[in-house]
Structure formats: C-alpha cells, structure tokens
1. For the stretch 129-144, state whether one or more residues are touching a Lys or Arg at 6+ places or on another chain (Cβ under 9 Å), among the hydroxyl-bearing types (Ser, Thr, Tyr) and within 24 Å of Phe31 (Cα to Cα).
2. Report the residue count in the stretch 497-549 for those that are β-branched (Val, Ile, Thr), more than 19 Å from Pro453 (Cβ to Cβ) and buried (at least 21 other Cβ atoms within 10 Å of the Cβ).
3. Please specify each residue of the stretch 311-343 satisfying the condition of being at pLDDT 95 or above, part of a loop (DSSP other than H, G, I, E, B) and over 18 Å from Glu386 (Cβ atoms).
4. Could you grab me the full set of residues in the stretch 179-209 that are without any contact (Cβ under 8 Å) to a residue 40 or more places away in the chain, over 19 Å from Ile155 (Cβ atoms) and among the aromatic types (Phe, Trp, Tyr)?
5. Cβ contacts < 8 Å: first residue in a helix (DSSP H, G or I), restricted to the stretch 628-643; second residue surrounded by fewer than 18 Cβ atoms within 10 Å (Cβ to Cβ), any location; separation 6+ or different chain. Result?
6. Mind listing whichever residues of the stretch 557-588 are part of a loop (DSSP other than H, G, I, E, B) and under 36 Å from the mean Cα position of the chain (by Cα)?
7. I'd like to check something: does the stretch 511-533 contain any residue that is farther than 22 Å from Ile357 by Cβ, in contact with a Leu (Cβ under 7 Å, 6 or more places away or on another chain) and charged (D, E, K, R)?
8. Could you grab the pairs with beta carbons closer than 6 Å, sequence gap of 6+ or different chains, first residue in the stretch 462-480 and in contact (Cβ under 8 Å) with a residue 60 or more places away in the chain, second one assigned to a loop (DSSP other than H, G, I, E, B) and surrounded by 18 or more Cβ atoms within 10 Å (Cβ to Cβ)?
Amino acid sequence: MKKYIFLMEIGIEELPPKKLRYIAENFKKFFNLELQNKHFKYRKITWFASPRRIAIKINKLEHNIHVFNKNNEINNFLFKKYKIKKNISLINNNKNVKTFLKKKEQYYIFKTLLFNIVKNILNNAQIFQLMRWGNNTFSFIRPIHTITLLINNKIIPGKILEINIDRKLHGHRFMGKKNIFLNHAKNYPKILFKQGVIVDFQYRKKIIENLVKKEAKNINGIIKLDKSMLEEITSLVEWPETLTGRFQKNFLKLPKEIIIQIIKKIQKCFPIYDKNKKLLSYFIIVVNIKSKNPNKIICGYEQIIHARLQDAEFFFQKDRKLKLIEYLPKLKKITFQTNLGNLYEKTNRIQYLSVWIAKIVNIDIQETKRAAILCKCDLVTDMVTEFPEIQGIIGMHYAKLDNETKKISLAQKEQYQPKFFNDNIPTTLISCAIAISDKIDTLTGMFILNKYPKKNNDPFSLRRIAIGILRIIIEKNLLLNLEKLIKKSINLHNKFCFSYSSDKIYKNILNFILNRYISLYKEKGYDVNVIKSVLSINSNYPANFHAKVQALSKFKQLNKTKQLININTRIVNLLKKTNENTSQNLQEIKFETPEEIQLAKHLIKIKKKIKQLLLVQKYQEILTELTTLQKPIETLFNNVIILTNNKKNRIHRLTLLKNIQLLFLNIADITLLK
C-alpha cells in the first residue's frame, strides 16, 4: 500500500502552560496505541505544541494488509460505503485475513480508521481536567476552534465534537494571518513559521534558552536556567522575543528569595546574576511578539515589579517591628484543621515530637526545642500572607535577624523539605527532627479525620509526606522506630478526637507508610521482589530497611542464591506441616546422625557471629555467613528423613530447621525472591 504523510492539528484556546508538554506527549502516546491496535505502520510520529494548538504529524504511514479480522472489520467498512462483500482467504489458523482491495477501497479504509482514531482520542482521552463551553454537551481541555486532518493533500471530511474538519489553521494572534489554508501535510509546520508561530516545542525552547543567555551576556550577567520555568515560558509563547528590564538597586537589601519570587514566579521573568552568583537589579522578559515599541513593554513590566517590590519592602519593615517569637500567640487564631486544633497546638505537638527525636539521634535538645517553637510563627506575618510561597524562607531570614543560631534559622526553611519526590532533604539533624515531626503530625491528623488518600485522590499530598518521612530517616541513617513515632503522634491528638480506635489508626498509618517503601525503591531501580522480601518482616526501622535492601540486592546476584531460596522454601513447607514445639536450645539437644551434628555445630558457630554483626548492621556480611549453610543443609536433606516417625528425632530436626529460618528472617524472607 502507498505510504502517506498524515497531519492532525487541533486549534484551541490557550492551554495551561504547566501542562502543555504533558498534554502533547499524551496525545502522541494515545496515537501510538491506536495506530498499533489498528495495524498501522509508520516511520516517525512527531508532536507539536504551542499555547493555541496541539498537532501530530506522521511520516510514511501505511495500513498493514494483514489485518486481524475478529469483527470482520474490513467487510464492515466496505459494505457501509460500497454495499459489497469481498472474498477473504483465511490464513494462520483463521486468526488473520489477507485480502486484496482496489486502491479506492484501501484508501477509504485508511482514512476512515484515521478519522475514528482522532474521534476516539478527542472524545475519550482523559489527559487533563475537562471543561464545557457554550451550549455543548461534550467537554474538552479548552474550547476547540479548528480541527485539521490531512492525508498528503487530501482532507479527511467529517465532523468531530460538532466542529467541521477543514484545512484552516490560525497564525499568530498579532503577527500572522487569522486564517491559513494548508494545501499539503508536508508543508506543516513551515507554513506556520511564516505566520509568526514556532510550533515545534523543543525548537522554541532552545531559541528561548539562547536568547535569554545572549540577553544576559549583553549586561555581563549570567542566568540560572530553571528547567520547569523554561518549559512554562516555552508554553506561554508562539514567537519568543527577549527584552531586558531593571529595578531600583535599593530593593536588593530585601532577602533575595523575595525578589526572585516576584520576578520569576509571579511575573515569569528571568532574574540575572553576576559571576559571583549575586543577584543583579536586572531581569529578562520573554514576550510573545516582535514589538515595534519594546520600551513600552519593558516599562510596563518595570512598573509592576517595582510596585510588588515596594509592597514586599513595606511588609518586611512592618513585620520586623516584632521578633519572630512574638508572633507565636497569634497562631492560636489560625485553625490547622477542624477537630485538630489551631497552629499553636500543632506547634506544641511538633515541639514534643522533635525533642523526643532529638534525644534518640543525640542532638542539642534546647536548640531543637527553640527551632520547633518558632517553626510556624512566620505563617502569621504580613510577608507570608502576601507571598505564601516563601513560608519558611522568610521565617529563616527573620530568625537570623533575631540572632537565632544558624541551625535554628535554617530549620525554619528546611522543615518543609522534601517538597517533592526528588527534592533535597534537610541538611541538619535539627531540621530533620522538625520536618519529621511536622509531617507525621499532619499524616496522623488526616488519618484520624478519615481524610487519607482514596484511589488516585490525595488532596493533602499524604503520599508525598510519607515518602518524605522515609527519605529523611533513611538518607540520614536515623535509628527511629516508626511504631513508636506513630503512637506518640496519635497520643498527642487524643484531646481533639473522641471516636476513633488508636490501634486501628496506628495500623492504617503504619501500613500506609510501609506501602510507600515499594514506590520509593521502585523509583530507585530496586527489584520489587527484593523490596517485598524485606518488607515481609519487621520494617519499623527505615534506616535498617535500606541497608537490608542493598545487601539483599547484592545477595540476589550470587550463584548460590537460587539454591538457598529453594532450601528456604523447603524449610518453610516442612515447618508448615507440624505444630510441634521447636523452641528448644540447640546446645541442649543430642542429635543422632553425623549430618545433624555437623549442621548444628556450624549453626551454633555462625549464630554467634550473626548476633554481633546485627548490632552493627552488617547485613551483607550476615548473608555471606548464611551462604555457608548451603552444603550442610543439602547434605542433611539428602541423607536424613526430617519428618521421621520417631517424635524425638523429628522435633530435633525441625528445631534445627526453625533456627535456620529465623537466621534468614533477621534480614528478609528470601522465599519471596522467586
């Protein structure tokens, strides 16, 4: 069959910039799946995206003649169009069909399948939150204006979502023609470039990156390129141009995070630094038009940023009339959650838990207590009320100005880390204590209120919070017991809640946190069976869990591992067959056969070694010791009947096996490695 170029473009209202790339990539993914399901072949599929359009272009597209005919698909299409039936010769045990069609029949099937693919994706793809517009009964991400479907130079006629398919595209809102007619799919995206639209997302992103760097270089500055911001800016413009603005130098006395927040997060501009990474009083603007009067645009941005910096300066000076600790009583007026008290009470719970953690990990208790009592004070300052995103950061600066210690000040900022999956964890142990206490308090409270995640719904980001707790404990190697941490947190909530079972809440929270191990370690590339193997035994100490997963991952690569797994499986199965007492001390048993005696002696010897190795968490060395049991166990199984009729000997042999099982269970249930 002939190979074609296929193009789909959806002309649409401005798409959410933070989701533009995600939406376009998902369109490509859905197209891939649909094309495979409908037996298409192609050389290359490319996605395009700008604020007002999503497009898919496929080169050298053809339909596979060998078609799965489960629903007599070919004849259904042909009969609907031409009212005829074709003779089909069945091959491959009636699972495939081979049919020879006229060119017009082949093309009809080809374009109809493509039409249905697009229709299905637009009607059913749950890519992002949908909306309705006008009097329409259907919904989509944003209101659609045009749908263009071309196979080479031919349009695929029809109507999707009540919109007629045609050749019409829209150029740049201000720099291009409103209506452009596309004669051939091969001319896309060149035709848009001539009308002020760079629709290739990656190319547009590279242009912005180069322009911004060049603009900064012109004033002897450098840019710290934030990947997420670069992507967002790329999603906001169709024809990027850069301009440089400036603000008054006296605003540089403000904490740099406030200035960056205004320039970068609020106004979507790039702050500029000098070679020493010191913030300069310049910023770079990326605009969506080649303006005849760029100074007017620059002036507009400068006025807005000046006004925002003036506000920040005013709030900063007003806040500094009080010390950070003096804001503490105001927390009594702010509700944390209904039935969970106010922020003052939450602060007291954080303080209690932080001091408990400080005693375990051996850090300064007074510093930890002070950091905890200050940790929510900045939430009632005017600065955080106006700029919520800098909570914690402004607390750190106010604490420094109050001459609090470096660790106390830093804890005000780091208590919120990690904010996302790959974010940095807190750097100091005091910050870690505050962060863990804050997170477990929130987690416990939400579970008590029955507001824990259900399916994909997680409005309070409790999964992220649980992973944050695990990451801090693991990466800082803190010997914290999850069971004790959760129970202490639950006890601190007793005064607010009257109708919940502490045991049930504890089990739910513990299971929730333990389940996060799987997602956390899968993301790091560990084998799921290794994770489950360690998780099946007591995993109340996350730091130990990490060390065990690492050791077991290396152990799994050994040649002896398979035999040891099989031996353990056999031991488990033998022990399941009896309820007899196997708790007798090995050294008190008189074994009968040489095989038993040899294994018992070896077992007693390595038990002493393993006991010492457990104290220092040398799990890799423990597993190495356990591999020495392979030969004596195999010798026992080959020469001795375990479940003998002699009750005394049977119990002795089962006791031997039970001791072997318990040694392995110090690390993991290796039978799950299968």
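The values are calculated or read from the model by the stated rules, or taken from the named source; none is laboratory data. From a predicted model like this one, the values you see are computed outputs, not experimental measurements. In this analysis, Cβ positions are derived from the backbone assuming ideal geometry, glycine residues included, and neighbour counts consider all displayed protein chains.
1. yes
2. Applying the first criterion (β-branched (Val, Ile, Thr)) to the stretch 497-549 yields 505, 509, 513, 518, 528, 530-531, 534, 537, 549.
Add one more test, that the residue is more than 19 Å from Pro453 (Cβ to Cβ), and what stays is 528, 530-531, 534, 537, 549.
Among the residues that remain, those that are also buried (at least 21 other Cβ atoms within 10 Å of the Cβ) are: 530-531, 534, 549.
Number of matching residues: 4.
3. Lys323
4. Result: Phe193, Tyr203.
5. Gln630/Lys560; Gln630/Gln563; Pro632/Gln598; Pro632/His602; Glu634/Gln563; Thr635/Gln598; Phe637/Arg570; Asn639/Thr593
6. Let us first name the residues in the stretch 557-588 that are part of a loop (DSSP other than H, G, I, E, B), namely 557-560, 577-585.
Scanning the stretch 557-588 gives Gln557, Leu558, Asn559.
7. Yes, the stretch 511-533 contains at least one residue that is farther than 22 Å from Ile357 by Cβ, in contact with a Leu (Cβ under 7 Å, 6 or more places away or on another chain) and charged (D, E, K, R).
8. Cβ pairs passing all conditions: Ile473/Leu480.
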